[in-house]
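Quick notes on the structure that follows.
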Amino acid sequence: MMMSLFSVFDPSTNFMNIPLNWLSTFLGIFMIPMIFWLLPSRYPIIWFNILVNLHQEFKLLIGINKNSGATLIFISLFSFILFNNFLGLFPYVFTSSSHLSMTLTLALPLWLSFMIYGWMNHTQYMFAHLVPQGTPAALMPFMVCIETISNMIRPGTLAVRLAANMIAGHLLLTLLGNTGPSLSLSLIMFLIMTQIALLILEAAVAMIQAYVFAVLSTLYASEI
């Protein structure tokens, strides 16, 4: 009776003659999420530090007393634009951020949501914002027109700035690359070095334009 009762603890579990007696010891480890026992590599750490710095900067631009969770919108916007800009640097990959249909789709809903929220909840402040402080009374009608026009063209300037910068660099790389077959060997080596330098410049432009788009969107939101 005693032998049959304790026989369930005998180390006899196997699968295809492979002993699995101590497998249950490691089951708990597999249930722990990976983030708790696997150290991240350098790339996730660098990306996490970039996002934290962006969060701190956007928080200062929006306002410390305002909802800090709003920075997640602009951090996501920065990440999305940066990802698309870098994808366009690879051969035979369509650069979606070079088309106004994509950039205007990002800029117009953001600007429109800011305007609707501001005019519905802070109407008096929005009217006061049309006239800069210290403007003479005679210039107030003109300043209202100028501020209204500058406010209306904001989504267009955001979209055109991003698309134009993406088009310009890619167009220059394409034009220089098409001259390769008609050049001599020495000039081709110079052309390759120029293309590499332009490619590094385009990588910097891809990061800068994503940052500029996100920062300007944050500044527009901070005015509401």
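The table below lists the values:
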{"quantity": "Magnitude of the charge dipole, the chain, Cβ model with Lys/Arg +1 and Asp/Glu -1, debye to 20", "calculated": "160"}
{"quantity": "For the chain: rounded, prolate or oblate by the Cα gyration tensor [a/c cutoff 1.5]", "calculated": "oblate"}
{"quantity": "Residue among M143, M189, G169 farthest towards the positive dipole end of the chain, charges placed on Cβ", "calculated": "M143"}
{"quantity": "Cβ-based exposure ranking for R154, R42, in which fewest neighbours within 10 Å come first", "calculated": "R42, R154"}
{"quantity": "With Cα atoms, 0 to 90° folded angle of helix 185-222 axis to the chain main axis", "calculated": "80"}
{"quantity": "Candidates F83, F30, F142, ranked by Gaussian network fluctuation over the chain, Cα under 10 Å, top entry", "calculated": "F30"}
{"quantity": "Calculated from backbone phi, Karplus (6.51, -1.76, 1.60) coupling profile of region 38-50 in Hz, x at Gly/Pro", "calculated": "10, 6, x, 7, 5, 5, x, 5, 5, 5, 5, 5, 4"}
{"quantity": "The chain: calculated mean residue ellipticity at 222 nm from DSSP helix runs of at least 4, using -39500 (n - 2.57)", "calculated": "-24000 deg cm²/dmol"}
{"quantity": "Percent RCO, i.e. relative contact order, over region 42-222, from Cα pairs under 8 Å lying at least 6 residues apart", "calculated": "35"}
{"quantity": "Whole-Hz couplings from phi, Karplus 6.51/-1.76/1.60, listed for region 110-115; x for Gly and Pro", "calculated": "4, 4, 5, 5, 4, 5"}
{"quantity": "Likely footprinting exposure, I81, I167, fewest C-beta neighbours within 10 Å first", "calculated": "I167, I81"}
{"quantity": "Packing-based ranking, highest mean first, of 198-206, 103-111, 122-130 given that Cβ atoms within 10 Å are counted", "calculated": "103-111, 198-206, 122-130"}
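Only the coordinates and a few stated rules stand behind these numbers; no lab work does. All of these numbers come straight from a predicted model, not from anything done at the bench. As a convention, Cβ positions derive from the backbone with ideal geometry for all residues, glycine included, and neighbour counts pool all protein chains shown.
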